[in-house]
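The values are calculated or read from the model by the stated rules, or taken from the named source; none is laboratory data. These numbers were taken from a predicted model, which means no experiment stands behind them. With ideal geometry, Cβ positions are generated from the backbone for all residues, glycine too; neighbour counts draw on all protein chains shown. Keep in mind that these areas ignore ligands, DNA and RNA; they rest on the heavy atoms of the full protein, side chains included. Shrake-Rupley method; radii C 1.70, N 1.55, O 1.52, S 1.80 Å.
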Amino acid sequence: MVKFTEEEKYGILTFNDHYVSEDQIAVQKFDELIAEAKQSSCLDALSKHGFDVNYVTDARRSTYLGILDIEKSDDVLEIGSSLGQHTHLIAKKCKSLSSIEVDLQQASFQKIWCKEEGLRNVRIVAGGLGGRLPYEDASFDFVVFNYVLEWCAGTSNVDRAAFHQTYLKEIFRVLRPGGTLYLSTKNRFSIRYVLGSMDEHLGIRFGSALPRFLQKIFTKRNTFIGYLHSWRGLEHIVAEAGFASSKRIMAFPDARYSDIVVPLEKFESRLLSAAAISKLPAKTRLSLYFGKNLFRQTSNSIVLLATK
């Protein structure tokens, strides 16, 4: 049985590998945000302290929830839940929600937000930085892993591909037979990177689209380096983790801000309005004129629904 400890200052259940910033100024500022949230509301506190509230609340960021067949009887795990912008939305769909976030202060903010929403079915934990999930085998019917994988192991010098494999095996372990993993991440061969945009993870143009050995030579950052996969590469490690099957999903223009989320084979550009197309970045708009295979391989995001 995994044993937790309750962090005295924040009142959050913690696992031994949670994260607290070494920047004391940043810690103090976030503490002020937490105090403000307790006094007023979470959104008011975010706005007052300079956070992009539109980014947090934009409905397109939670479009993916519409394709998840989460039932009222389900026990759900959300990994890397950040400030909790989706935590309270998921909690309203299921019997129980366990939320794990490596950052202790962000986990504390989530707790305040869930209390503000009147939710009693959420258990929030700070931990998971080491790639181990502090839960028993077969604990969950659904796992939501939304735009987090690319950052896993980003603060260490471990083999990131191996780390991702281990993490996915952990997810497989805590899922019940027949359970589902929703996994979204950035595409290594995104049209942006292929055509030379700056890779925010590696700090270089073309970035993750380059061969791995060139990435190592030209990388300008030593910490917080993300690790991206191709469609086939990610499907391979998902299968190696033990999942029986996975289904490709198209989140367009990407999984962070989705106008459309549908099974990959059902996506067609005609589903987009002229207004939506006109707002696309030039490189993403260009990709709509590619053939189907090239368009799919250069999508900005990779989304899989994997079944145990």
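Scanning the range 96-122 for residues that are in a strand (DSSP E or B), under 26 Å from E32 (Cβ atoms) and open to solvent by 20 Å² or more (accessible area, probe 1.4 Å) returns D103, V122.
When residues in the range 45-85 are screened for being assigned to a loop (DSSP other than H, G, I, E, B), among the polar types (S, T, N, Q) and touching a helix residue (DSSP H, G or I) at 6+ places or on another chain (Cβ under 8 Å), 3 of them pass.
Taking the range 287-308 only, how many residues are among the aliphatic types (A, V, I, L, M), open to solvent by less than 80 Å² (accessible area, probe 1.4 Å) and more than 23 Å from the chain's Cα centre (by Cα)? Please lay out each step first, then the result.
Going through the range 287-308, the residues among the aliphatic types (A, V, I, L, M) turn out to be 288, 294, 302-306.
Imposing the further condition that a residue be open to solvent by less than 80 Å² (accessible area, probe 1.4 Å) reduces the set to 288, 302-306.
Imposing the further condition that a residue be more than 23 Å from the chain's Cα centre (by Cα) reduces the set to 288.
Final tally of qualifying residues: 1.
Has the range 56-79 got at least one residue that is more than 30 Å from K247 (Cα to Cα), in contact with a Leu (Cβ under 8 Å, 6 or more places away or on another chain) and modelled with pLDDT under 95? No; the residues of the range 56-79 include none that is more than 30 Å from K247 (Cα to Cα), in contact with a Leu (Cβ under 8 Å, 6 or more places away or on another chain) and modelled with pLDDT under 95.
Checked against (1) on the phi < 0 side of the Ramachandran plot; (2) out of contact with any Asp or Glu (no Cβ under 7 Å at 6 or more places or on another chain); (3) at pLDDT below 95, A153 passes all but condition (1).
So that you can scan it fast, the table gives a plain yes or no per residue for (1) closer than 19 Å to E117 by Cβ; (2) crowded, with 18+ Cβ neighbours inside 10 Å; (3) of a type in the set (S, T, N, Q):
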site: G11; (1), (2), (3): yes, no, no
site: L43; (1), (2), (3): yes, no, no
site: S73; (1), (2), (3): no, no, yes
site: S81; (1), (2), (3): yes, yes, yes
site: Q85; (1), (2), (3): yes, yes, yes
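Among the numbered conditions (1) surrounded by 13 or more Cβ atoms within 10 Å (Cβ to Cβ); (2) part of a helix (DSSP H, G or I), the only one that D17 does not meet is (2). Can A239 be described as farther than 19 Å from K292 by Cβ and part of a loop (DSSP other than H, G, I, E, B)? Judged against the criteria, A239 is not a match.
Residues that are farther than 24 Å from G154 by Cβ, modelled with pLDDT of 90 or more and not aromatic (F, W, Y): does the range 297-306 have at least one?
The answer is yes, given that some residue of the range 297-306 is farther than 24 Å from G154 by Cβ, modelled with pLDDT of 90 or more and not aromatic (F, W, Y).
Only a single criterion out of (1) in contact with a Ser or Thr (Cβ under 6 Å, 6 or more places away or on another chain); (2) closer than 16 Å to I225 by Cβ is not satisfied by H164, namely (1). If you go through the range 109-142 and keep only what is closer than 24 Å to S62 by Cα, out of contact with any Asp or Glu (no Cβ under 8 Å at 6 or more places or on another chain) and not aromatic (F, W, Y), you end up with K111, I112, C114, K115, E116, E117, G118, L119, R120, N121, V122, R123. Which residues, taken from the range 133-151, are outside any loop (DSSP other than H, G, I, E, B), within 23 Å of Y19 (Cβ to Cβ) and open to solvent by 20 Å² or more (accessible area, probe 1.4 Å)? Scanning the range 133-151 gives N146, W151. The set of residues from the range 152-169 being crowded, with 18+ Cβ neighbours inside 10 Å and closer than 25 Å to S62 by Cβ comprises C152, H164, Y167, L168. Among residues belonging to the range 242-278 that are touching a residue at least 40 places away in the same chain (Cβ under 8 Å) and among the acidic types (D, E), point out the one that is least open to solvent (accessible area, probe 1.4 Å). The extreme case among them is D254.
Specify which of the listed residues (R188, R205) is open to solvent by 60 Å² or more (accessible area, probe 1.4 Å) and over 22 Å from L83 (Cβ atoms).
On the way: R188 fails: open to solvent by 60 Å² or more (accessible area, probe 1.4 Å).
Sole residue among the options that is open to solvent by 60 Å² or more (accessible area, probe 1.4 Å) and over 22 Å from L83 (Cβ atoms): R205.
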